[in-house]
Amino acid sequence: MTPDNQTTVWTRCLEILRDNLNEDTFRTWFGPIKPISLEDQRLTIEVPSDFWREYIEEHFIDLLSRVLRREIGPGASLVYKVRILDDIFIEQRPKGGRVRNAELPIPDAGSHYTGSVYAIPGLRKLNIEPCLNPIYNFENFIEGTCNRLGRSAGLSIAANPGRSTFNPLFIYGGPGLGKTHLAQAIGIAVKERFPEKVVLYVNANTFQNQYMNAACSAKSANNGNKVADFLRFYQLIDVLIIDDVQEFAEKKGTQGAFFHIFNYLHQSGKQLVLTSDKPPVDLQGLDQRLLSRFKWGLSAELLPPAYETRLAILRAKCAREGVAVSEEVLSFVARSVKTNIRELEGILFSLIANATFNRQEITLELAQRLVDKIVADPKCEITVGRIQEAVCNYFGITDEVFLSKTRKREIVQARQIAMYLSRSLTKTSLSSIGAQLGGKDHATVLHACNTVNDLMDTDRSFRGFVHDIERVLNSPE
């Protein structure tokens with residue numbers, strides 16, 4: 001075959017395709033395709049992306065098959081060469097066997113993934129480090145009422161990633177409640193059940209830095225190849241886990257890149273798992289089109305664990321560490337640390353370390369000393385419940401009246417102040433604030449906060465009420 005033979009054949013194919021398609025469709029989908037080689041009735045063409053190949057397969061393969069058989073012969077076969085990076089390709093044959101060809105040699109994956117997250121060393125299938133901590137598995141994730149919804153959804157995703165209704169899964173809650181543990185447990189379970197799937201866990205700040213490096217490299221080189229390479233890499237992930245998506249706030253370029261990655265993965269049946277310290281409705285500085293996509297699947301809140309769950313976590317940690325700690329000590333620690341699993345585990349490890357290095361027994365007295373040094377006085381912690389108590393005491397209202405459905409102006413304003421202070425002084429989500437202050441929804445809480453802001457700007461007496469209560473809450477008891 002002459003070097004230009006494939007070009008001549010492809011040109012004739014294009015003439016027939018042009019006659020059978022409208023001009024815009026022809027230029028859009030067949031204009032960028034390049035003929036690479038023609039050997040033994042096997043035509044290899046280069047397409048810009050895997051998405052391009054999939055689109056041609058879905059919309060034009062029957063027509064293309066007939067054209068190839070006419071120009072090459074009844075034994076015609078087609079091979080796609082998909083450009084991944086500038087000098088890296090993967091060859092694929094058509095799905096469904098409608099244009100048959102022999103098994104194709106595909107470059108080996110080569111060494112284990114190292115270096116830049118989007119510099120792929122070669123492809124048979126992606127072979128990258130998923131960045132998952134094996135400790136963060138479902139076996140070590142203690143179930144309770146605080147996390148049952150999220151855990152159940154995570155197990156469902158692990159059994160059928162990308163195909164459940166929980167896509168994306170948006171996990172949110174305060175610090176130390178197990179968001180990262182649950183997200184990584186999903187990734188670990190997927191890899192165990194489907195070793196061939198490409199799973200990647202990445203923190204939002206890492207994603208942001210990768211994008212910025214790609215964008216700066218592209219700008220300095222006066223081309224967009226680095227950003228395109230970055231996007232192509234993430235579009236090849238089967239299960240993408242992004243931790244702390246609230247960090248994307250005010251970062252327009254990163255949001256734009258993630259928007260395109262999100263769309264591509266979601267439409268391709270890939271799984272997305274996102275974590276945040278707030279629910280989508282409370283996130284600030286994010287594009288509305290991105291926020292709307294965060295709400296497509298399931299939003300699962302992780303709440304502070306109840307006493308029974310905290311005790312179960314401590315028992316499980318002791319079993320894994322092979323350390324015997326009395327129920328009296330475990331019960332004391334579980335009752336002393338109420339809001340943060342990370343702090344709960346920290347106290348236990350401090351107990352074990354002190355006992356080991358100082359050759360002491362793990363006694364209740366030792367636990368009490370450590371708790372006094374490490375754990376903040378719960379009386380000083382500002383919670384929604386404590387804010388409600390302070391507001392009721394200030395206005396002389398009983399809890400029953402405060403939580404009732406009465407629409408008396410003074411009671412409504414007291415509720416609104418409590419909602420405003422809960423949003424200002426705690427990290428509790430709007431939905432949780434509403435649930436604790438009379439079973440209201442997040443929209444009611446948001447309206448209350450806006451109302452209080454307006455009144456504080458225009459009413460000096462009202463502003464004094466709010467500041468007085470705030471001083472009470474912030475003063476030592």
statement: Scanning region 427-477 for residues that are farther than 16 Å from Q388 by Cβ and of a type in the set (S, T, Y), the one modelled with the highest pLDDT turns out to be T451
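Going by the conditions given, is I16 part of a helix (DSSP H, G or I), more than 30 Å from L231 (Cα to Cα) and modelled with pLDDT of 80 or more?
Details: part of a helix (DSSP H, G or I): yes; more than 30 Å from L231 (Cα to Cα): yes; modelled with pLDDT of 80 or more: yes.
So I16 fits the description; yes.
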message: Restricting to region 1-46, name every residue that is touching a Lys or Arg at 6+ places or on another chain (Cβ under 8 Å) and of a type in the set (V, I, T).
response: I16, I36, T44, I45
Selected residue (criterion: surrounded by the fewest Cβ atoms within 10 Å (Cβ to Cβ)) from residues of region 255-294 that are β-branched (V, I, T) and modelled with pLDDT of 90 or more: I261
- request: Identify the residue in region 335-365 that is of a type in the set (S, T, Y) and surrounded by 12 or more Cβ atoms within 10 Å (Cβ to Cβ) and, among all such residues, is nearest to P305 (Cα to Cα).
  value: T339
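Can you confirm whether R342 is under 30 Å from Q255 (Cβ atoms) and modelled with pLDDT under 90?
In short, yes.
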- request: Please find, within region 314-334, the residue that is surrounded by the most Cβ atoms within 10 Å (Cβ to Cβ) out of those that are in contact (Cβ under 8 Å) with a residue 12 or more places away in the chain and of a type in the set (D, E, K, R).
  value: K317
- line: Subset of region 356-376, residues in contact (Cβ under 8 Å) with a residue 12 or more places away in the chain and in a loop (DSSP other than H, G, I, E, B), comes to I362, T363, V375
query: If you take the residues of region 62-81 that are buried (at least 17 other Cβ atoms within 10 Å of the Cβ) and of a type in the set (A, V, I, L, M, F, W, C), which of them is nearest to the chain's Cα centre (by Cα)?
result: V79
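Table: residues versus (1) assigned by TED's automatic domain parsing to the domain that holds V281; (2) without any contact (Cβ under 8 Å) to a residue 24 or more places away in the chain; (3) out of contact with any helix residue (DSSP H, G or I) (no Cβ under 9 Å at 6 or more places or on another chain); (4) in a helix (DSSP H, G or I).
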position: V391; (1), (2), (3), (4): no, no, no, yes
position: E400; (1), (2), (3), (4): no, yes, yes, yes
position: Q416; (1), (2), (3), (4): no, no, no, yes
position: L421; (1), (2), (3), (4): no, no, no, yes
position: K427; (1), (2), (3), (4): no, no, yes, no
position: S432; (1), (2), (3), (4): no, no, no, yes
position: D454; (1), (2), (3), (4): no, yes, yes, yes
message: Condition (residue is in contact with a strand residue (DSSP E or B) (Cβ under 6 Å, 6 or more places away or on another chain) and either of a type in the set (S, T, N, Q) or in contact (Cβ under 8 Å) with a residue 40 or more places away in the chain (or both)) applied to region 247-264: is it met by at least one residue?
response: no
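The values are calculated or read from the model by the stated rules, or taken from the named source; none is laboratory data. As the structure is a computational prediction, the values presented were derived from the model and not from experiment. Heads up, the Cβs are rebuilt from the backbone with ideal geometry, glycines too, and the neighbour counts pull from every protein chain shown.
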